Amino acid sequence: MRLSIIIVNYNVKFFLEQALLAVRRAAEGLAVEVWVVDNASRDGSVQMVQVRFPEVQVIVNERNVGFSKANNQALRLATGEFVLLLNPDTVIAEDTLRTSLDFMEKHPQAGALGVKMIDGTGVFLPESKRGFPSPFVAFCKTFGLSRIFPRSGFFNRYHLGHLSKDQNHEVDILSGAFMLIRKAALEKVGLLDEQFFMYGEDIDLSYRIQLGGYTNHYLADTRIIHYKGESTKKGSVNYVRIFYQAMILFARKHFRGGNARIFVLMLQMAIYFRAMLTLVSNFFQRAWWPILDALVLFLGLVLLKKSWAVYHFKNPAHFDDSFLYFNAPLYTGIWLFTLFFSGAYDQRTNLWQVVRGILLGAVGIAAIYGFLDLVYRSSRMLIVLGTVWALLAIPALRALISSLGKGNFTLEEEEEKRLAIIGSVEETRRVEALLRAIGMRKKTIGLIAARMNPAESHLFLGTLADLPALVSLFRLDELIFCGKDLRNTEIIASMESVGNQLNYKILPEGSDTIIGSSHKDLNGEWYRLDAQYNISRPENRRNKRLLDLVLALILLPTFPLSIFLNVRKQMLWANAWPVLIGRKTWVGYTDAEADLPKLKPGVLNPMDAIPEVVLSESGQRKLNQNYARDYQVGEDLRLMWVYWSRRG
């Protein structure tokens, strides 16, 4: 056997399907065996592989044993002269295997090889080639010097920024997403170190291959897509902790004396530094619009108070100071609350959502005003003036910032995305039918031919060769490639030529799932008939959270009454605080579901409506899917009522 390919999978069925299709194409004419090691996926990955890829050998683990151990399970059984460790969220080109193997055979001292990788937006991934993570290299990466000086061989040694991404190089470290290894080298230096559960194992193996007398190489002659967001959730503190703990493990294993102590200390500091940076960054990404609105509202109310006092009462000190520390913050808080639940802080928002939120807030403020103590009833006119100010200032500010390309605001309903589909008439029609059936809001501008048939030329905007010009001319937002009609080489080249100015999706051959990724650090995206969930809609998630808050606030003050109730009902009061602070939701899934929109752990779940029925695992999965697909806030109320009304 010339080559053994090993893919470790964990709940990424749709990406795995595409990866295996690409491997099948690239392996034509080669002596190749393919292994998939599944780490206890619950999304039907194993069944998909067994049905669609009978030639693939599958190892099924009952629990997630980690990346290193799973790879080692297959490595011990692999018979190839070369071994390829491949991520499931990759798409290799048709020439990738042959080109890589040819290089290895021409360079007998090459122990391992990596290739040029791009992400799901067509952007080069710098981790395709990396330097040895010495203490200074790690320092520059941790504290951002490598990002400030991306092309420096001194400050950006981690990603070898001084080496061209378009030329072949000998490098220190390769990525485990695509790592072609000479079996003889692996037998000499040993398998992956199973101390590394996730991250760091590729650095450790690359280093040991060099210690074994072999060289590592970066090959720019072939390219692959690595969606990357499927295996690295970088926007989380948990990622920072796991990644740097893996680096600490590497340092303790390979460094000695003072170097080891300095390196470990620096990495421990990096954990706290990067975690703090991540928390601050995540907070401002989510909260900068509410913070800006709060400043506009509060300062506007303060200025209006002074102006109205001078204009109407001829006395700048007419209003009590309590307006500043009580009324203005209260009014601002109410407006922020109603703006949020009106959708003004969604990923995309429009003028109506903002206006609706302000008007609802004004009604709420007016209602609360009547219940305030006389000392806090400043003036109804200030509420009116504040509402007028909010209606003028907040949309104007949003429109200004969005016009500079920094916002998410439109003056009307969100414009449909402008889409083009690339492929044959048959496959492009299938994409259109799938999008219509799903109900996606996409404006299909036209079709682009992979290879033009003169008899069908009137059906297409142009050909693949015209793609950059067509994207610019028709101001396209998204491209969907038909995998059946296009070589992966053509898809990758097209993504690189157009760049990250728009989104890309691929419909794999024989599949009914259109998949892609709009950012290297985010989860992938897919369009699929059975994957359109009501619970993903922003308004439904807001309503669910609002219901959680309201019920929790009702239950908490009445906690003493729970002692007179049975144990089942006492559970609701016991969970009111976790629900209030967002650690739980009143109704969730029966268990964690990787292929469903994420929810907090539920106090109750759909099974609680029929506790006398015991469903199989597949039955529970279907129940969860139905809950997510058909979700309305009334469903949570119904389930809670059913739970409450049942006898103990």
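In segment 387-438, how many residues are among the hydroxyl-bearing types (Ser, Thr, Tyr) and at pLDDT below 85?
3
Tell me, which residue of segment 144-154 that is assigned to a loop (DSSP other than H, G, I, E, B) and not small (Gly, Ala, Ser) is surrounded by the most Cβ atoms within 10 Å (Cβ to Cβ)?
Phe149
Answer yes or no: is there a residue in segment 92-102 that is assigned by TED's automatic domain parsing to the domain that holds Gln195, polar (S, T, N, Q) and either out of contact with any strand residue (DSSP E or B) (no Cβ under 9 Å at 6 or more places or on another chain) or buried (at least 19 other Cβ atoms within 10 Å of the Cβ) (or both).
yes
What's the number of the condition Thr99 fails, among (1) in contact with an Asp or Glu (Cβ under 6 Å, 6 or more places away or on another chain); (2) farther than 11 Å from Leu180 by Cβ; (3) modelled with pLDDT of 95 or more?
(2) is the only condition that Thr99 fails.
Examine segment 353-363 for a residue that is of a type in the set (Val, Ile, Thr), buried (at least 18 other Cβ atoms within 10 Å of the Cβ) and modelled with pLDDT under 90, and state whether such a residue exists.
The answer is no; no qualifying residue exists.
For a quick check of your reading of the model, give me the residue pairs whose first member lies in segment 8-37 and is crowded, with 23+ Cβ neighbours inside 10 Å, whose second is at pLDDT 95 or above and among the charged types (D, E, K, R), with beta-carbon atoms closer than 6 Å and at least 6 apart or on different chains.
Going by the 6 Å Cβ cut-off, the qualifying pairs are Asn9/Asp38; Ala26/Glu94.
Exactly one condition in (1) assigned to a helix (DSSP H, G or I); (2) modelled with pLDDT under 95; (3) among the aromatic types (Phe, Trp, Tyr) is not met by Phe132; state its number.
Tallying (1) assigned to a helix (DSSP H, G or I); (2) modelled with pLDDT under 95; (3) among the aromatic types (Phe, Trp, Tyr), Phe132 fails exactly one: (1).
Show me the strands (runs of 3 or more DSSP E) entirely contained within segment 1-112 in which 1 or more residues are under 25 Å from Ala493 (Cβ atoms).
3-9, 32-39, 82-86, 90-92
So Arg157 passes all but one of these: (1) buried (at least 22 other Cβ atoms within 10 Å of the Cβ); (2) modelled with pLDDT of 85 or more; (3) of a type in the set (Lys, Arg). Which condition number does it fail?
(2)
Has segment 517-538 got at least one residue that is at pLDDT 80 or above and within 23 Å of Ala26 (Cβ to Cβ)?
yes
Could you say which residue among Glu490, Glu456 is in contact with a Phe, Trp or Tyr (Cβ under 9 Å, 6 or more places away or on another chain) and farther than 13 Å from Tyr527 by Cβ?
Criteria check complete, one pass: Glu490.
Kindly provide the set of residues from segment 454-469 that are surrounded by fewer than 14 Cβ atoms within 10 Å (Cβ to Cβ) and hydroxyl-bearing (Ser, Thr, Tyr), ordered by number.
Correct list: Ser457 only.
Could you check Val137 against (1) over 17 Å from Leu174 (Cα atoms); (2) without any contact (Cβ under 8 Å) to a residue 24 or more places away in the chain and say which number it fails?
Val137 satisfies every listed condition except (1).
Considering each of Val302, Val310 in turn, give the residue that is surrounded by fewer than 18 Cβ atoms within 10 Å (Cβ to Cβ), modelled with pLDDT of 90 or more and in a helix (DSSP H, G or I).
Exactly one residue qualifies, and that residue is Val302.
Regarding Leu447, is this residue at pLDDT 90 or above, surrounded by 14 or more Cβ atoms within 10 Å (Cβ to Cβ), over 26 Å from Ala26 (Cβ atoms) and out of contact with any helix residue (DSSP H, G or I) (no Cβ under 9 Å at 6 or more places or on another chain)?
For Leu447, the condition - at pLDDT 90 or above, surrounded by 14 or more Cβ atoms within 10 Å (Cβ to Cβ), over 26 Å from Ala26 (Cβ atoms) and out of contact with any helix residue (DSSP H, G or I) (no Cβ under 9 Å at 6 or more places or on another chain) - is not met.
In segment 604-637, what residues are outside any loop (DSSP other than H, G, I, E, B), closer than 19 Å to Leu547 by Cα and in contact (Cβ under 8 Å) with a residue 24 or more places away in the chain?
The answer is Leu604, Pro606, Asp608, Ala609, Tyr627, Ala628, Arg629, Val633, Glu635, Asp636, Leu637.
Among the residues of segment 318-333, write down those that are surrounded by fewer than 20 Cβ atoms within 10 Å (Cβ to Cβ) and not in a loop (DSSP other than H, G, I, E, B).
Ser322, Leu324, Tyr325, Phe326, Pro329, Leu330, Gly333, listed by residue number.
Look through Asn64, Asn11 and report the one residue that is modelled with pLDDT under 95 and more than 25 Å from Ile514 (Cβ to Cβ).
Only one candidate passes the filter, namely Asn64.
Output the residues belonging to segment 176-231 that are within 16 Å of Ala110 (Cβ to Cβ) and part of a loop (DSSP other than H, G, I, E, B).
If the condition is that a residue be within 16 Å of Ala110 (Cβ to Cβ) and part of a loop (DSSP other than H, G, I, E, B), then Gly212, Gly213, Tyr214 are the ones that fit.
The values are calculated or read from the model by the stated rules, or taken from the named source; none is laboratory data. Given the structure is predicted, the values throughout are model-derived calculations rather than measurements. Virtual Cβ from ideal backbone geometry, glycine too; neighbours counted across all protein chains shown.
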